[in-house]
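The values are calculated or read from the model by the stated rules, or taken from the named source; none is laboratory data. These numbers were taken from a predicted model, which means no experiment stands behind them. For neighbour counting, all protein chains shown are included, and Cβ atoms are generated from backbone atoms with ideal geometry for every residue, glycine included. Protein only, heavy atoms only, side chains kept; ligands, DNA and RNA dropped before computing areas. Shrake-Rupley method; radii C 1.70, N 1.55, O 1.52, S 1.80 Å.
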Amino acid sequence: MTLRHGAFIALAACAVYANSLGHGFAYDDVPMVVRNEHIAESAPWWRPWVEPYWPGSNEGDVIDLLYRPLTVQTYGLQRRLLGLQPLSFHAVNILLHAGVSLMLWRVSLRLGLGDGAALAAALLFAVHPIHVEAVANIVGRAEILSALGVLGAVLAEDARIRLEGAGAARTPRYIAWTVLLLLFVAVAVFSKETGAAAVIVVTGWRLWSSQCGTG
């Protein structure tokens, strides 16, 4: 049943946004993906990590405070592998959204929701129209990746807490989950500035777990 629930959530998340696959580049997609010299095929792969989010926004008296190198890096990688085909960019956004929906489902289960309630929560998240801007617009990937990082960090921390409760701290498995925790936090932070909230959320999860005695 659990596997069926996961498959149902993923399919719902993909199906509801499948109509965006036929869309082209629109609005901010054009300067960020199509005309962005930082991710051009001739640019070095590391260029997004030393530039602000908006191309050219650090010129003159204008200072861009946005820094989302991982998000921009994914655009560059897709351009190199698949070219400037909007279909692939929209497809990746949809798949990432499905991944976030599945992670929310797992977090819901760890919060103590029953199978039915966790399934309902994840399905509502997967199909809710509030995500249209993030999923259908290619530049909305920053929000999706950041959410993926935050939820992934929570699940990694939850696994660490359970291993600690079982007396398995500092085991190879515990170390592996610690590495994943750090990686997910990095994904959240380097995808969008608000991803820094991952540190607060993970800390809150540990405090909540200690109060509730989960493990």
Original post:
For the stretch 60-110, what is Rg from Cα atoms divided by 2.2 N^0.38 Å, rounded to two decimals?
Top reply: 1.59
Original post:
Cα-based Rg (one decimal) and Dmax (whole number) for the stretch 114-158, in Å?
Top reply: 12.4, 35
Subject >> Per-selection Rg to Rh, the stretch 147-215 - Cα, Kirkwood hydrodynamic radius >> reply: 1.00
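Averaged per residue, what accessible surface does the chain expose to a 1.4 Å probe, in Å²?
Ligands and nucleic acids excluded, the figure is 52 Å² per residue.
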Original post:
Once the mean 1/r over all distinct Cα pairs of the stretch 64-202 is inverted, what Kirkwood radius in angstroms do you read off?
Top reply: 16.0
Subject >> Leu113-Thr194 pseudo-label distance in nm [points 7 Å out on the Cα-to-Cβ vector] >> reply: 1.9
**OP:** Would you kindly derive the ³J(HN,Hα) couplings of the stretch 138-154 from the backbone phi angles with the Karplus curve 6.51 cos²θ - 1.76 cosθ + 1.60 (θ = phi - 60°), listing them in order in whole Hz, with x for Gly and Pro?
**Re:** 4, 5, x, 4, 4, 5, 5, 5, 5, 5, 4, x, 5, 5, x, 5, 4
**OP:** Measure off, as a whole percent, the carbon and sulfur share of the 1.4 Å-probe accessible area of the chain, all protein chains present.
**Re:** 68
Original post:
Using the Karplus equation 6.51 cos²θ - 1.76 cosθ + 1.60 (θ = phi - 60°), what ³J(HN,Hα) coupling, rounded to whole Hz, does each residue of the stretch 97-107 give in order, writing x for Gly and Pro?
Top reply: 4, 4, x, 5, 4, 5, 5, 4, 4, 5, 5
Original post:
To the nearest 10 Å², what's Val154's accessible area with a 1.4 Å probe?
Top reply: 10
Original post:
Taking a 1.4 Å probe, which of Arg173, Arg35 shows the most accessible area, and what order do the others take after it?
Top reply: Arg35, Arg173
Original post:
Residue by residue through the stretch 177-182, which ³J(HN,Hα) values in whole Hz follow from phi under the Karplus form 6.51 cos²θ - 1.76 cosθ + 1.60 (θ = phi - 60°), with glycine and proline marked x?
Top reply: 5, 5, 4, 5, 4, 5
